[in-house]
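Novice: One structure, pasted below without further comment.
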Amino acid sequence: MSYCRAIESMEGERKALHKAYHDRLYGFPIHDDAELFGRLLLEINQAGLSWETILKKEAGFRSAYHDFDVEKIAAYREADRRRLMADARIIRNKLKINAAIENAKTILRLRRDHASFEAWLEAHHPRSKDEWVKLFKQTFRFTGGEIVGEFLLSTGFLEGAHSPDCAVYKRVLKAKPRWHDTSLVDV
């Protein structure tokens, strides 16, 4: 079942939480490195958990990880790791915390050749999902197929975030997602 359809069956606060993300963020292109990195960080932290858990903790992640500032996170030391492990507002998983810090350092290295995380992504577009997964596994930590796929869907690099009959689909197209800018690649 698509995310668009799944939300229709939800109720109350749960539906409102998912609908806010679905209607305003999911599938729309992101042109800010901190927000792109933040989305990757959230997708990594979702592994093994529900997306709802992550949505509920998004503000905590944003605060704990300095608004997803890549430079600040890349400079985190052992005291920051301990602080994050003690912060109940986020997912306290040592592997995921270490991945966030190491992935921030990776993005800083990517910027040397590509100026930004977004430019690095664009330089490798278009690719199939399998090709993206292979590239991410070679480049970043804690980036399996589901994590990479959802990251790319949610940021407009892969088609499929919304079904064509979803009311948000047309708004996403107007925002010019990267997948729509070139001929489609099989995913």
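Novice: Can you name every residue in region 62-79 that is surrounded by fewer than 18 Cβ atoms within 10 Å (Cβ to Cβ), of a type outside the set (Gly, Ala, Ser) and more than 30 Å from Arg14 (Cβ to Cβ)?
Specialist: Matches in region 62-79: Asp69, Glu71, Lys72, Arg77, Glu78.
Novice: Let me ask something additional. Just to be sure I understand, how many residues within region 147-171 are of a type in the set (Asp, Glu) and either at pLDDT below 95 or part of a loop (DSSP other than H, G, I, E, B) (or both)?
Specialist: Matching residues across region 147-171 total 2.
Novice: Please pick out the residue among Ala59, Ala6 that is without any contact (Cβ under 8 Å) to a residue 24 or more places away in the chain, of a type in the set (A, V, I, L, M) and surrounded by fewer than 17 Cβ atoms within 10 Å (Cβ to Cβ).
Specialist: Going through Ala59, Ala6 in turn, just one is without any contact (Cβ under 8 Å) to a residue 24 or more places away in the chain, of a type in the set (A, V, I, L, M) and surrounded by fewer than 17 Cβ atoms within 10 Å (Cβ to Cβ): Ala6.
Novice: Somewhere in region 71-89, is a residue more than 17 Å from Gly60 (Cβ to Cβ), within 19 Å of the chain's Cα centre (by Cα) and not hydrophobic (A, V, I, L, M, F, W, C)?
Specialist: Within region 71-89, one or more residues are more than 17 Å from Gly60 (Cβ to Cβ), within 19 Å of the chain's Cα centre (by Cα) and not hydrophobic (A, V, I, L, M, F, W, C).
Novice: Now for a separate question. Go through the residues of region 121-137 one by one and say whether even a single one is touching an Asp or Glu at 6+ places or on another chain (Cβ under 8 Å), surrounded by 17 or more Cβ atoms within 10 Å (Cβ to Cβ) and either free of Cβ contacts under 8 Å to residues at least 60 places away in the same chain or not hydrophobic (A, V, I, L, M, F, W, C) (or both).
Specialist: Looking for residues that are touching an Asp or Glu at 6+ places or on another chain (Cβ under 8 Å), surrounded by 17 or more Cβ atoms within 10 Å (Cβ to Cβ) and either free of Cβ contacts under 8 Å to residues at least 60 places away in the same chain or not hydrophobic (A, V, I, L, M, F, W, C) (or both), one finds none in region 121-137, hence no.
Novice: Of Arg82, Arg62, Arg14, which residue is touching a Phe, Trp or Tyr at 6+ places or on another chain (Cβ under 7 Å), assigned to a helix (DSSP H, G or I) and more than 22 Å from Gly149 (Cβ to Cβ)?
Specialist: After ruling out the rest, the residue left standing is Arg62.
Novice: Scan (1) farther than 23 Å from Lys176 by Cα; (2) in contact (Cβ under 8 Å) with a residue 60 or more places away in the chain; (3) not hydroxyl-bearing (Ser, Thr, Tyr) for the single condition Ile90 breaks and write down its number.
Specialist: Among (1) farther than 23 Å from Lys176 by Cα; (2) in contact (Cβ under 8 Å) with a residue 60 or more places away in the chain; (3) not hydroxyl-bearing (Ser, Thr, Tyr), the lone unmet condition for Ile90 is (2).
Novice: Against the definition (in contact (Cβ under 8 Å) with a residue 12 or more places away in the chain and under 22 Å from Arg178 (Cα atoms)), how does Ile44 come out, yes or no? Spell out the reasoning first.
Specialist: Working: in contact (Cβ under 8 Å) with a residue 12 or more places away in the chain: yes; under 22 Å from Arg178 (Cα atoms): yes.
Considered against the rule, which asks whether it is in contact (Cβ under 8 Å) with a residue 12 or more places away in the chain and under 22 Å from Arg178 (Cα atoms), Ile44 comes out as yes.
Novice: On to the next question. What number of residues within region 27-55 satisfy the criterion of being in a loop (DSSP other than H, G, I, E, B) and either closer than 14 Å to Lys96 by Cα or in contact with a Leu (Cβ under 8 Å, 6 or more places away or on another chain) (or both)? Lay out the reasoning, then the answer.
Specialist: Initially, region 27-55 is screened for residues in a loop (DSSP other than H, G, I, E, B), giving 27-32, 47-50.
From the residues that got through so far, the ones that are either closer than 14 Å to Lys96 by Cα or in contact with a Leu (Cβ under 8 Å, 6 or more places away or on another chain) (or both) too are 27, 30, 47-49.
Counting residues in region 27-55 that are in a loop (DSSP other than H, G, I, E, B) and either closer than 14 Å to Lys96 by Cα or in contact with a Leu (Cβ under 8 Å, 6 or more places away or on another chain) (or both) gives 5.
Novice: When you go through (1) under 24 Å from Pro177 (Cα atoms); (2) in contact with a helix residue (DSSP H, G or I) (Cβ under 7 Å, 6 or more places away or on another chain) one by one for Asp32, which number turns out not to apply?
Specialist: For Asp32, the exception is condition (2).
The values are calculated or read from the model by the stated rules, or taken from the named source; none is laboratory data. Please read these numbers as outputs of a predicted model, since none were measured by experiment. No Cβ is skipped: glycine too gets one built from the backbone with ideal geometry, and neighbour counts run over all protein chains shown.
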